[in-house]
Amino acid sequence: MSQAVVPFRHPLVRAVDEVAALLDSVAEAQPVFLTTGEKEAVLVGLRRQISRLKALEARTLAAAGDVAEEHGTRSAGAWLAHETRHDPAVGRAAQRLAEGLDQRWPLVAEAYAGGAVSTAQARVIGKALDDLPADLDPDLRTRAEQHLVGEAAHFCPRDLRVLGRRVLEVLAPDLAEAHEARLLEQEEQAAWDSASITHRRLGNGLSRAVVRLPDAAMDRWLTQLHAFSSPRREGAVPAGEQVPHPRRLAHAFTALLERIPEDWLPQHGGTSTTLVVTIDHDKLDHDLAVAGLTTGTPITASQARRLACGAGILPAVLDGRSQPLDLGRTKRLFTPAQRKAMAIRDRHCRAEGCDVPAAWCEAHHAAKPWTAGGTTDLADGVLLCSFHHHRAHDTRYHTTRTTNGQLRYHRRT
């Protein structure tokens, strides 16, 4: 009688099935009935076995190029992230780790597979090894890997990152300073390239900004804000009031902006970098009145009065000393005073349907170009955004002025 032939099943396939069956067998088990010691053992043991499973996943990912080819994805990690409903970034990180363990970090891979190194520790150690000089002696590189794998038994990923950065101070002090300088140079350039400020209006009188700055710039900024917000500084915190530190910093930043001298800043749109507050003179004494900035943002009359104490308010608005606004043919370019007057009058681009704020606009001779005999007078000037200013000088378009003073463009036939 012949025996049935059992088809071959790869040990990894069997392992996955057996792990699944084992987890099914304890699905209803209640941890509440474990003793304190048993809970400790289970928690530590599970964490170590999870690391071993992740190491097995990484080994398989490193050999799964055919899976990516089969499904037309960038990598097996990308396919796995999609298949298991993870973010693409998770797949990319898993693929990078798998390739590093397979191609560059054999001692880390061994410790990872044995549960002695966690996933986070493996990534940190691998990053430190990749950051070492490319021409480093191979024996020294191996010693560095041995050292960091050994330290993983005592330090968390955050501390390992510091140790990894300074591993040459332990193994090759004569090379450490040059290595540290090179890493700092790379970090500074990467920080500069990644710096950003994003912002959006929240619609409730607040705006939210997300700031990413190089560490040195952030340190300088915080030092300035702390000087304004220090509780020891007179007036920084109202008497008897406990103001949260983040709010103190925000108030300090506002105070810092209002104290920057105008002549320190570059010109913006042809004038000094200044926000002009506009309000009717007879409303300045009313608390429930509305003023406006040339950016289009409304503010209260009380805010306008406060700004008037230290910020430049256009004299025409406050009925102060007048400035010459009509220059005839004596000058070709509009003066800063004329531009400010246009900003008060126009508030935004005068092209029909355009609402680009005055602060971002350019002065344009609307009635007649100066080169054609026009005058540089306020009545002949309008504010146009860059797009519409280019269109005003585009010979393919004809410009007309509407009854309300806006400019309308028609493509010539």
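For region 76-195, report the accessible area per residue in Å² (1.4 Å probe, heavy atoms, rounded to an integer).
59
Would you please give the residues with an amide H less than 5 Å from that of Ala351, counting only those at least 5 places away or on a separate chain, with H modeled from the backbone geometry?
It is Cys385, Leu407, by chain and number.
Output wanted: per-residue J couplings in Hz (rounded whole) for region 113-121, from phi through Karplus 6.51 cos²θ - 1.76 cosθ + 1.60, θ = phi - 60°, x for Gly and Pro.
In residue order, the calculated couplings are 5, x, x, 7, 10, 7, 4, 5, 5 Hz.
If you add up the charges near Ser194, with Lys and Arg at +1 and Asp and Glu at -1, over every other residue whose beta carbon is less than 13 angstrom from its beta carbon, what do you get? Each step should come with its number before you reach the end.
Numbers: positive: Arg212; negative: Glu187, Glu188, Asp193, Asp215.
Once positives and negatives cancel, what remains is -3.
Near the amide H of Asp377, under 5 Å away, which other amide H atoms are found, from residues 5 or more places off or on another chain, if H is placed in the peptide plane?
For Asp377, the qualifying residues are Leu327, Gly328.
How much net charge surrounds Leu206 when only other residues with a Cβ under 14 Å from its Cβ are counted (Lys, Arg +1; Asp, Glu -1)? Could you put the intermediate results ahead of the total?
Details: positive: Arg200, Arg201, Arg208, Arg247; negative: none.
For residues surrounding Leu206, the net value is +4.
How do the peptides 25-35, 97-107 rank, highest first, by the average count of neighbouring beta carbon atoms within 10 Å per residue?
97-107, 25-35
Which percent of the accessible area of region 156-197 is formed by carbon and sulfur heavy atoms (probe 1.4 angstrom)? Could you put the intermediate results ahead of the total?
Details: 1640 of 2950 Å².
Summing carbon and sulfur atoms, their accessible area is 56 percent of the total for region 156-197.
Starting from the alpha-carbon convex hull of region 96-228, give the projected area averaged over all orientations, in nm².
Averaged projected area of region 96-228's Cα convex hull equals 11.9 nm².
With θ set to phi - 60° and the Karplus curve 6.51 cos²θ - 1.76 cosθ + 1.60, what are the ³J(HN,Hα) couplings of region 203-210 in order, to the nearest whole Hz, using x for Gly and Pro?
x, 10, x, 10, 10, 10, 10, 10
What part of the accessible area of region 1-152, given as a whole %, is carbon or sulfur when the probe is 1.4 angstrom?
Details: 6030 of 10510 Å².
Carbon and sulfur together cover 57 percent of it.
Just to check I understand the Karplus step: with θ = phi - 60° and J = 6.51 cos²θ - 1.76 cosθ + 1.60, what whole-Hz values come out for region 391-396, glycine and proline as x?
5, 4, 9, 7, 5, 6
Just by accessible area at a 1.4 angstrom probe, what is the order of Met218, Met342 from largest to smallest?
Met218, Met342
The values are calculated or read from the model by the stated rules, or taken from the named source; none is laboratory data. Note that the coordinates shown come from a computational prediction; the quantities given were computed from them, not determined experimentally. Counting neighbours? That spans all protein chains shown, and the Cβs are built from the backbone with ideal geometry, glycine included. The protein model used for the area step is the full one, side chains on, heavy atoms only, and it has no ligands, DNA or RNA in it. Shrake-Rupley method; radii C 1.70, N 1.55, O 1.52, S 1.80 Å.
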